[in-house]
Structure formats: C-alpha cells, structure tokens
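What follows draws every value from the coordinates through simple rules; no lab data is involved. The shown structure was predicted, so the numbers you read here are calculated from the model rather than taken from an experiment. As a convention, Cβ positions derive from the backbone with ideal geometry for all residues, glycine included, and neighbour counts pool all protein chains shown.
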Amino acid sequence: MALLELKSVSHTYHSPEGETQALNDINLVVEEREFVSIVGPSGCGKSTLLSTLAGLITPSEGEVTIYGNPLSSEKDLIALMPQRDQLFEWRTVLNNVLLSPEIKKKKTPEVINYAKELLCKYGLKDFMQKRPSELSGGMRQRVALIRTLVGSPKLLLLDEPFSALDFQTRLSVCDDVSRIIDEEQKTAILVTHDIGEAISMSTKVVVLTERPARIKKIYNVDLDRSLPPLKRREQKAYNVYFRSIWKDLEVINE
Amino acid sequence: MSEEHKLYLKKIKIRKIVVLTIQIGLLIFAFGLWELSAYLEWSDPFITSSPSRIVLSIIDLHRSGDLWLHLGATLYETVLSFMLATLIGVLVAIALWWSKMLTDVLEPYLIVLNSLPKVALGPLIIIWVGAGRSAIITMALLISVIITIISAHTGFKAVDKEKIELLHAMGATKIQILYKLILPANIPNIISILKINVGLSWVGTIMGEYLVSKEGIGYLLVYGSQVFKLDLVMASTILLCILATLMYLSVALIEKLINRFYK
C-alpha cells in the first residue's frame, strides 16, 4: 500500500478580504523510499500543500491518507523540517534533537541513545552539548534533519530547508541531506523553488500550476542515484529535465 | 600574538583607564567644588547643603537607628512591588497570549490604563486600600504592571511562527507550546522588562511614600523639605541613587548570566 495518498485535495483560505483557493483537486501517490520534490511558481500554494501534509491545515475537500489511514491518526509517522532550521537557542544540540520525543512524552533511554547515535554518525559527536549558535549553517541544517529523524518517522517533509543558506553551503547541504535520508531509508517530500535542487535530489518532480495549484506534470527522474546530487547535475539527462521543467514554469508565468 | 595586536590591546586598556580616571575625577571635582563653595560661603550651605553635612546627616541617621528603618522600608516596598508587577504582568500576558478573544476584548482598556497617569489614582488608592504600606505598594505596582503586560505580550506574539508550526507538527498542545517555546524564548525579553520595572518601581514607591508614608526615603525627602533640613533631603537623594543603582546592577548581572544561553 502506498505510504501517502492525496485524493482530490482542495483548500480554500478565508480572510476578511475574501476567499482564496490555494489547492485545486490535487491527486498524488507517494510510495515508500521515494524522494518527491514539489516545484511551482512562487505563491502557488506549495506551502499550503506541505502544511496540509504536516497536518497543520485540514483541507476543505478531499482526503490525505497514510497507509490507507486518515492522516490525523498517523501523525507520528511524519516529521517536518522547516524553512529555517529553527533550532532553539536555549537548548543544547542534543536537547534540540530530542524536542519531538519530549513533546510526545516518549523520551526513553532508547530514544536518547538513538539520538546520540545519529549525531555521532553524522559528524556532530563533539557538538552534542554545544549551543546551536556555535555551529556552522551546514551543521545546523544537519541537526535540524536529525531532529526530524529521532522520532523514527516514515515520511519527512522538507519545506525549502536550504533557502536560508548561501549557494556553496546549499549544494553541500543538499548532498548531506540526500545521503542521510538515503542511509536512513526514509521517504521525503521536498518543497522548493529551485529546479536544479528538485531534479538532482528527487526520484519524482511534481510541477504545480499557478494558484489555485493543480498538478501540471509529474516527472519520474531517471538519474544515477548512486551519485551525490551535485554529481547528478553533471549527467546529460539533468539538463533535459531542467529545460523541460523550466519551460513548464515559464509558460505559467506568462 | 603579534606586536600590532599587543599595541591594539594596550590602546584599549589605556582608553579604559583614562575614561575611569575622568569619571572619578569629575565626581571628586564636583563634590570638592560643592564642599569648597559651602566652606567659603559662596553659597548658603543651609540651602545647598554640602558633602560633609550630608555625611554627617547620614551618620546621624545611622546613630539614631533610623537609617536602616527608612532604607529597609523603601527597599521592601520597591522589591515587593517590583516582583508583584513582574509576576502579575507576565501572568496576565500569558492569559492574553492564550486567548485571542480576551486580547481583543481587553485591548481598549489596556490602552486607557496605559495612558492614564497612575499617580492620579493616588487618592483613590488611599481610600480603597488604606493610608499605609499597602497603598505605596499598590501605587508602585500600578505604575509598572500595565507596561509589563503590554511588553510581555508583545514579546510572546513575536515568537517565530515557524517555530510554533514545528511544535504543532510534532503534536504539541498549547500548554506545551507555552512552556517549551514561548516562555523560554521570552526570557531575554522578560529580563529587559525587569530592567525597566526597576526604575518604575522606584518612581512608584517614592511617589507612594510622598502621599502616605511614615517611614522610607520618600518620607525623609518630604519631611526634610518641610522642616527645611536640606542636609537630610540631599542625604536621602544620595542614598536613593546608590540603592537604585545597586538594584539595577543586580538585574543587569542576572541578564548577563542568562543571555549567555541565548546567543
């Protein structure tokens, strides 16, 4: 059974100024171990879609299921990585990573050990007791990713997690995140406005239309996944996908 | 360390010493001139007092045992009203953060209360809570509590929405968001409110003592001016300077200790 399924999901926002339809009849299936990127023109409703998947918004119409069950009953299988790392300055790195189990009252010795294990595995061993301010931008992003992993979720939701980084860091963090998600055998959905990032990291790229967002096209990306994302950008097919998606978005912008 | 850096550090150190020297020099100069002008009778020490007369006046107070009574009374009222204002202010701010409805309902009242000069309530306070210590504390409390509520609430609302969403996505309840995020994130803000409240509590306490007291520095000030003992008035002012500064410094120290966890 598919890990995630969206069945004709629509959403409308209400404000005193009027109503805005953000999502229009979205149908999408995400299988386990897939890496799905969602791209679209800015303000099209990408974030609304992600908020819906995170359970922060209940869609006006349609349903979202995890392994066939309604999303609300399976929220523990999902973890969100926000736009900026949003580490809590007053907590140590280890305690930041343990935030989710703490909230869920599942901070058992096993979970703590798992968190430490992950931090060690991904090069943060010496930083566990440090404060986030003592870390570089790339390391902070890694901590934010590990924070999503400690609850052992199935699905990771990445909300433009690299947008606050400079270009150089961004490329290396992309490789980092991609490797970690792969090693931990997670499924991920990435919202981004960066076409290159989407193609190089994903198995599937979903292109949305302008608001209200519908699915315009879905690309199954066939690049050598044994290479890190940065290297994937050097493959021939990468440019073909890039041009095609670029065109999809250009048409929309006109 | 390079020679250049040593020179740079030395420059900083020299500058510090120069500043301190001038500061102390200025103080000695001012008090010296004051003392001299009284001694040479350029001015009438009966009106302007003088440093030596102030010292004598303080010693007098100490001998009679009144010094500690007055200091203690004022300090007690200030510290108590300061803590009450902070506690009540933060609690109300939490309530406002909790309920948007409550905020909307109370907003105009808060604006009116904030603009009202609290001293105007003095007569009412005396009638309602009695002419005594509780009136002074109430006055000092009123002066700082409204601004505490408003600034604390502003700080609570300023917490990054994305952080709140992150906690929501983790399935956090509202109370968890409050004590895992809103309160810890606002410690620096609350500390800076404390710094403002120290000053306001002093204003409130002295004001209250003017109105009703039988003891305290405010009482000494009023009493001293009524019987035209300017030495006593000056002595009280100096004592007030020292106490208020000490209290401010202790809050500043707490701020320094806590802020290490926030940068």
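For the reader, a short list of remarks on this structure follows.
- Contour minus Cα-Cα distance for residue B:18 and residue B:43 (0.36 nm per residue): 5.8 nm
- Normalised by the number of residues in chain B, the mean separation of alpha-carbon contacts (under 8 Å, six or more apart) gives a relative contact order of 25 percent.
- Each listed q (0.15 Å⁻¹) maps to a log10 I(q)/I(0) for the stretch B:205-250 from the Debye sum over equal C-alpha point scatterers, namely -0.37.
- Sequentially through the stretch A:54-69, phi angles give Karplus couplings (6.51, -1.76, 1.60; θ = phi - 60°) of 7, x, 7, 10, 9, x, 5, 9, x, 9, 10, 10, 10, 6, x, 9 Hz, Gly and Pro residues having no value and appearing as x.
- For residue A:216, the amide hydrogen comes within under 5 Å of the amide hydrogens of A:207, A:208, A:209, counting only partners 5 or more places away or on other chains and with H modelled in the peptide plane.
- Positive minus negative residues near residue B:214 (Lys, Arg vs Asp, Glu; Cβ under 12 Å): -2
- Residue mean of other protein chain beta carbons inside 10 Å, B:158-168: 5
- Dipole axis of the stretch B:3-43 (+1 Lys, Arg; -1 Asp, Glu on Cβ), positive-most option in B:24, B:7, B:34: B:7
- If you wrap the stretch A:87-211 in the convex hull of its Cα atoms and look at it from every side, the mean projected area works out to 8.5 nm².
- Taking a straight line from the alpha carbon of residue A:106, these aspartates and glutamates sit under 15 Å away, with near neighbours fewer than eight places off in the same chain left out: A:76.
- Its Kirkwood hydrodynamic radius, worked out from the mean inverse distance over all distinct Cα pairs, puts the stretch B:101-217 at 16.3 Å.
- The stretch B:202-230-the stretch A:59-122 distance, computed between alpha-carbon centres (Å): 59
- For the pair the stretch A:182-254 and the stretch B:150-181, the centres of their Cα atoms are 34 angstrom apart.
- Normalising by residue count, chain B has a Cα convex hull of 195 Å³ per residue.
- Two tests apply to each whole DSSP H helix in chain B, Cα reach of 30 Å or more along its axis and mean Kyte-Doolittle hydropathy of at least 0.0, and the ones passing both are B:3-39, B:66-98, B:133-157, B:187-212, B:230-259.
- Length released on extending from residue A:240 to residue A:2, taking residue separation times 0.36 nm less the Cα-Cα span: 82.8 nm
- Computed on the Cα atoms alone, the convex hull of the stretch B:3-43 gives a volume of 43 cubic angstrom per residue.
- Residues of type lysines that residue A:216 reaches as a straight line, Cα spacing below 21 Å, ignoring anything fewer than 8 places off in the same chain: A:7, A:46, A:204, A:247
- Whole-Hz Karplus values for the stretch A:147-161 come out as 4, 6, 7, 4, x, 6, x, 8, 10, 9, 10, 10, 9, 6, x Hz, taken residue by residue from phi with 6.51 cos²θ - 1.76 cosθ + 1.60 and θ = phi - 60°; glycine and proline positions read x.
- In Hz, Karplus ³J(HN,Hα) per residue of the stretch A:89-104 (6.51, -1.76, 1.60; θ = phi - 60°; x = Gly, Pro): 4, 8, 10, 6, 4, 4, 5, 5, 5, 8, 4, 5, x, 5, 4, 7
- Over the protein assembly as shown, equivalent-ellipsoid semi-axes from the Cα gyration tensor in Å: 63, 29, 20
- In degrees, nearest ten, helix A:109-121 long axis to first principal axis of chain A (Cα): 80
- Estimated distance in nm for a label pair at residue B:100 and residue B:249, the labels positioned 7 Å out from Cα along Cα-to-Cβ: 4.7
- The stretch A:4-253 - convex hull of the alpha-carbon atoms, volume per residue in Å³: 136
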